[in-house]
Amino acid sequence: MQPTHPFRVLRAKPLWIANGVITGVLALLFTVFYVGASIDPVSHMKELPVGLVNADRGAAAGGEQVNLGRQITESVKKSAAGGDKIDWKVMDEKEMKDRIGKGELFGALVVPGDFTSSVTALTDAPATAAPARPTLTVLTNQSAGSVGSGLARTATTEAARNASLQVGRELTARNGSGSADLSTAARLLLADPAAVTVRDGHPLDSHSGLGLTAFYYALVLVVCGMLSANVISGQVDHALGYTRNDMGPRRLHRPLVRATRV
């Protein structure tokens, strides 16, 4: 019986067609599900949960009780910042901290307890004084994911600034002619009363891999599992006599065991 030449085997079209189809399908699926998901995740993100906290205690202004924090939160909820990508969750400060710690929120916007009193102080400041600017705090949550936290930070900061401008327009209109008695700095602050500061709402531990420990752990499991599967499969084939085992110049070939490879 004439032995089959190796090059004749390599020229067989079914060999390359089958391998080409299998590797092509695997490459396509890997590209679509792995690479495709990381190209533009922002455009495919919907209803990102972000906390909205109004801790403002309000203050008396013009003979009535005013709570500008409530106006800020209502303005933020109606804001177009973030579009349908942001799902504002109104809650108190305690619940917000708890949910950020659990990774259920990608960020938060906090109106401080003295916000109204700080804003109304702008209209009461002497013409020679430099009034202090009230602050809105944007909290980030890197532990919930850097992409989601970054998107939440951008949208929340934009919404807070828009809300500050809206409140400023209302205050300027309400103050009317009284604005002329204010200093130039106070008038400018009255038009845009709130400064926006960004802080980390849930600081990461120094050994957390910048929040990517879980990703690297999963990657190690996949790679080690794949390598282990290849090693075990090869050793089982050798033990059953289906393949030879090359160790340097030595080649071992065990007797064939009549059993299925499964």
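Throughout, read-outs are computed from the coordinates displayed, never taken from laboratory work. Nothing here was measured: the structure is a model prediction, and the numbers come from that model. Cβ coordinates were reconstructed from backbone atoms using ideal geometry, including for glycine residues, and neighbour counts include every protein chain displayed.
How many percent of DSSP beta bridges within the chain run antiparallel, rounded to 5?
40 percent
When the helices in the chain are scored as -39500 (n - 2.57) per DSSP H run of 4 or longer and the sum is shared across all residues, what 222 nm value do you end up with, to the nearest 500 deg cm²/dmol? Kindly include the intermediate steps, with their values, before the conclusion.
Values: 9 runs with 122 residues, N = 262.
My calculation for the chain gives -15000 deg cm²/dmol from helical runs alone.
Lysine pairs in the chain with Cα distance under 13 Å, only those 8 or more apart or on different chains: how many are there?
Lysine pairs satisfying the spacing and distance rule in the chain number 6.
Within a 10 angstrom radius of the beta carbon, how do Phe7, Phe215 rank from fewest other beta carbons to most?
By the 10 Å Cβ count, ascending, the order reads Phe7, Phe215.
If you place +1 on the Cβ of every Lys and Arg and -1 on the Cβ of every Asp and Glu, how big does the dipole about the Cα centre of the chain come out, in debye to the nearest 20?
1920 debye
Which residue, chosen from His207, Val66, Leu15, occupies the Cα position most advanced towards the positive end of the dipole of the chain, where the dipole is computed from +1 (Lys, Arg) and -1 (Asp, Glu) charges on Cβ about the Cα centre?
Towards the positive end, the residue furthest out is Leu15.
Among (i) -0.32, -0.40, -0.72, -1.29; (ii) -0.40, -0.49, -0.80, -1.15; (iii) -0.56, -0.63, -0.86, -1.18, which is the computed log10 I(q)/I(0) by the Debye sum over Cα atoms at q = 0.08, 0.09, 0.12, 0.16 Å⁻¹?
Identified label for the calculated read-out: (iii).
Given charges of +1 on the Cβ of Lys and Arg and -1 on the Cβ of Asp and Glu, with all other atoms neutral, how large is the dipole of region 212-262 about its Cα centre, in debye to the nearest 20?
So the dipole magnitude of region 212-262 works out to roughly 300 debye.
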